[in-house]
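What follows is a short report on a single structure.
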Amino acid sequence: MEQPVISGLDSFILGLVEGITEYLPISSTGHLVLTSELLGLRGQVNRTVEQIAAIQAFEIVIQAGAILAVLILYKKAILDLIAGIFGKSENGRKLFINICFATFPVLAVGFLAK
């Protein structure tokens, strides 16, 4: 029987890291990559192309699951935001304006730093 590419413990640790960091204002993707490195999932030279692809696919799937959970958790706020963009919700409009104001400095710095 062939050994699994990712052990159950590694899967649990990666899922835990993704689940915790998705809700924090830090890079969940960056922490997932670092955790994969620390677990030795990325740096092993004896991995085949298929095994590397399987590890990357696993990382994508657990990130998609975490994003879906966030969308479900914030469904009301997201729908309110969309309604606000089309002028149907005052709270959604305010949220949209706040997001725009919060995004502008990052865009300006990014444009200047180019």
Inset, instruction - Using a cut-off of 15 Å between beta-carbons, work out the net charge of the residues near Glu37 (Lys and Arg +1, Asp and Glu -1, Glu37 not included). - result: -1
Inset, instruction - With a cut-off of at most 12 other beta carbons within 10 Å, and DSSP calling the residue loop, which GluC sites (Glu not before Pro) in segment 1-75 qualify? Please list them. - result: Glu2
Legend entry - Solvent-accessible area, 1.4 Å probe, carbon plus sulfur percent, for the chain: 72
Legend entry - Where the chain is the region considered: accessible area per residue in Å², 1.4 Å probe: 74
Legend entry - For the chain, built as a Gaussian network whose Cα springs stay under 10 Å, the top-fluctuating residue of Ile82, Ile67, Ile13: Ile82
Inset, instruction - List the longest stretch of the chain that has no exposed loop site; here a site is one of the chymotrypsin sites (Phe, Trp or Tyr not before Pro) assigned by DSSP to anything other than H, G, I, E or B, with at most 13 other Cβ within 10 Å. - result: 24-73
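Count charges around Leu81 for me, please; just the other residues with Cβ under 15 Å from its Cβ, Lys/Arg as +1, Asp/Glu as -1.
Values: positive: Lys75, Lys76, Lys88, Arg93, Lys94; negative: Asp80, Glu90.
After counting each charged neighbour, the total is +3.
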Legend entry - Full-extension gain in nm, Ile20 to Phe111, via 0.36 nm per residue minus C-alpha separation: 29.6 nm
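Between Ile97 and Val61, 0.36 nm times their residue separation minus their Cα-Cα distance comes to what?
Result for the pair: 9.7 nm of gain on full extension.
In the chain, which whole DSSP H runs stretch at least 24 Å along their own axis (Cα) and average 0.0 or higher on the Kyte-Doolittle scale?
For the chain, where a helix must reach 24 Å along its axis and average at least 0.0, the hits are 49-73, 90-113.
The values are calculated or read from the model by the stated rules, or taken from the named source; none is laboratory data. The model shown is predicted, which means the values in this text are computed figures rather than measured ones. Cβ atoms come from the backbone with ideal geometry, glycine included; neighbour counts cover every protein chain shown. Remember, those area values only see protein heavy atoms, side chains included, never the ligands or the DNA or RNA. Shrake-Rupley method; radii C 1.70, N 1.55, O 1.52, S 1.80 Å.
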